[in-house]
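Novice: This structure is in structure tokens; I'll ask about it shortly.
We did not get these values from a lab; they are worked out from the coordinates using the rules stated. What you see is a predicted model; the values in this text were computed from it and never measured. Cβ placement follows ideal geometry from the backbone for every residue including glycine, while neighbour counts extend to all protein chains displayed.
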Amino acid sequence: MEVWGAAPRGGIFPSVKAYRNALPPRRGIEFSSPIAPTPGGGTPYEARWNVGTPGVMARGGSTFVGIPISYIKNAQVP
């Protein structure tokens with residue numbers, strides 16, 4: 001199981017982006033990963049796993065990155 005991410009809007013480097021802690025009451029997926037977020041990447045409310053961080057793997061050439069996950073809750077369907 002993996003979660004993938006692309007470059008953020010206006011950015012050029014792909015990263016996996018996620019809310020920290022529990023998912024807000026909206027559509028999305030909740031997950032946990034054995035890979036720690038990139039230090040200094042993101043905000044107090046958002047975690048980021050950037051390309052080049054140990055455990056973050058390039059996927060789809062240089063378009064995406066992926067991280068392994070150990071738990072997933074899919075809240076995509078309302």
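Novice: Between a residue in the range 3-18 that is in contact (Cβ under 8 Å) with a residue 60 or more places away in the chain and on the phi < 0 side of the Ramachandran plot and any residue that is surrounded by fewer than 15 Cβ atoms within 10 Å (Cβ to Cβ) and in a loop (DSSP other than H, G, I, E, B), which pairs come within a Cβ distance under 9 Å, given they are 6 or more apart or on different chains?
Specialist: Qualifying pairs under 9 Å: Trp4/Gly60.
Novice: Those residues that are in a strand (DSSP E or B) and among the polar types (S, T, N, Q), I need them from the range 4-32; list them, please. If you could, list the steps in order and put the result at the bottom.
Specialist: Looking only at the range 4-32, we keep the residues that are in a strand (DSSP E or B), and these are 4-5, 15-19, 29-32.
Ser15, Ser32, listed by residue number.
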